[in-house]
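Heads up, the thing below is written out as structure tokens.
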Amino acid sequence: MRVAIVHYWLVSMRGGEKVVEALCDMYPDADIFTLVYDESRVSEKIRKHKVTTSFLQRIPGAIKAYQSLLPLMPFALESFDLTDYDLIISSESGPAKGIIPPPHATHVCYCHSPMRYLWDHYHFYRSHAGLASRLMLPVLAPLLRSWDVSTSLRVDRFVANSHHVSDRISKYYRRPATVLHPPVSVDDFTPSAVIDDFYLCAGQLIPYKRIDLAVEAFTRMNRKLVVIGEGKEMERLKRAAGPTITFLGRAPFAVLKEKLSRCRALIFPGEEDFGIVPVEAMASGRPVIAYGSGGALETVVPGLSGMLFGEQSVEGLIKAVRDFEENEHLFHPEALRAHAGQFSLRNFMVGMQAIIDEELMMRKTVQHRRDYNIAAMQRAFEAQLPALVTEPRSATLQ
């Protein structure tokens, strides 16, 4: 069985790329297809595979400005020739499911999210975009939405990374989805015996992550906050930050691991589809203070693994931090690590393999049933042939 893994773009190592790594472990001979590829910014595990890029790769500056090429992505995805593959696994968020699968192939889509900038976050993205994007999006978005919905019919089985995403797949694509949480390398993280007096934010510095709420809240409270990550919001956040806010930029894994294990708590103020960093914090024995929406509702259990706040505002976050500090003694590293264990890499791989095997067997059963029905119809037709033969005429017309 020849296997193809289709991922939207490979230009960094975040949650989606961790899923690709797990799929590479499951199918070590699989080929990878992606829109654009920066070999220097992905893991050795991914680099070991044959990676095929689209024509977007040849556009100057595409690796850094790939998101501006959104109108070309449907054409790029449909240009991939997957004729020789039996199993296609698309890792969808950017998009990726829009490939054209051959009739005989099984297409399983692991969906991190329907494209946020076309659907539920459309107005937020547009309001934070540059002038050109604000002008073009109202023209392009309806066309891209139509393409996005139509390509959902090219998928045989949807797998969602959370119930939150499953609900959006049902809403926008009218398709059911099996929920399987993404893999988290929980064994890579360990608790620390020393807890320092700071809170932590980690992730891309982009608008919908709402790191701005944390920066303003901790500036107001005069409490220490360490921010790990890079993105277009960096300069704006630095200008708004007070002296208690520290920006580390894109930190090595060793630094992230240390900060996760020694912070008082992870601050998670945005709405995420799932959110891997909170689980990494729990695996490090530290609780999470999260906005109570999206994937956080599936990982943050109040009183066990963290606290949730209902109002996505500076005031709501400040209140949550103060409530946490009154109850900080209730959180235990052992309980947090045990809770994080359910999101392990092994559980993901076992669950994904079971889903794929089930879908392959289902398609095989349907094919056998179709072949049987065709054979039965042919036998019935052949049995009727004698009655359908025209009798010779008894007289000749004069």
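Bear in mind that the values in this text are calculations on the coordinates, not laboratory data. If you're wondering where the values come from, they're calculated on a predicted model, not measured in any experiment. Note that each Cβ is placed from the backbone with ideal geometry, even for glycine, and that neighbours are counted across all protein chains shown.
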Work out how much length R239 to R2 would gain on full extension: take 0.36 nm times their residue separation and subtract the Cα-Cα distance, in nm to one decimal. 80.2 nm
If you add up the charges near F198, with Lys and Arg at +1 and Asp and Glu at -1, over every other residue whose beta carbon is less than 12 angstrom from its beta carbon, what do you get? +3
Take the alpha carbon atoms of the stretch 37-97, find their center, do the same for the stretch 136-177, and report the distance between the two centers in whole angstrom. 19
Under a straight-distance cross-link criterion of Cα-Cα below 24 Å, which lysines are reachable from K364, leaving out those fewer than 8 residues away in the same chain? K97
Here the relative contact order (percent) of the chain, from C-alpha pairs under 8 Å and at least 6 apart, is 12
So how do C24, C263 line up by other beta-carbon neighbours within 10 Å, fewest first? C24, C263
Amide H of F274: which non-local residues (sequence gap of 5 or more, or other chain) have their own amide H closer than 5 Å, using H built in the peptide plane? G295
Is the C-alpha gyration tensor of the chain telling us rounded, prolate or oblate? Criteria: a/c under 1.5 is rounded; beyond that, a/b larger than b/c is prolate, otherwise oblate. prolate
Can you sort T219, T106, T246, T299 so the residue with the fewest Cβ neighbours within 10 Å comes first? T246, T219, T106, T299
D81 label point, 7 Å along Cα→Cβ, cut-off 12 Å on backbone N: hits in the stretch 28-42? none
Among S293, S305, S40, the residue with the largest mean-square fluctuation in a Gaussian network model of the chain built from Cα contacts under 10 Å is S40
What whole-number distance in Å separates the alpha-carbon centres of the stretch 256-313 and the stretch 185-201? 12
Theoretical FRET efficiency, 1/(1+(r/R0)^6), r = Cβ-Cβ of D357 and H332, R0 22 Å, to 0.05: 0.05
Listed with the fewest Cβ neighbours within 10 Å leading, F348, F55, F247 appear as F55, F247, F348
When the stretch 191-343 is reduced to its Cα atoms, the Kirkwood hydrodynamic radius in Å: 15.0
Name the shape class, rounded, prolate or oblate, that the alpha-carbon gyration tensor gives for the stretch 3-179, where a ≥ b ≥ c are the square roots of its eigenvalues, rounded holds for a/c under 1.5, and otherwise prolate holds if a/b is larger than b/c and oblate otherwise. oblate
Using the charge dipole of the chain (Lys, Arg: +1 at Cβ; Asp, Glu: -1 at Cβ; taken about the Cα centre), state which of F218, Y125, T190 has its Cα farthest towards the positive end. Y125
Just to be sure I understand: with springs between alpha-carbon atoms less than 10 Å apart, which residue in P28, P191, P333 has the highest mean-square fluctuation in the Gaussian network model of the chain? P28
If you place +1 on the Cβ of every Lys and Arg and -1 on the Cβ of every Asp and Glu, how big does the dipole about the Cα centre of the chain come out, in debye to the nearest 20? 760
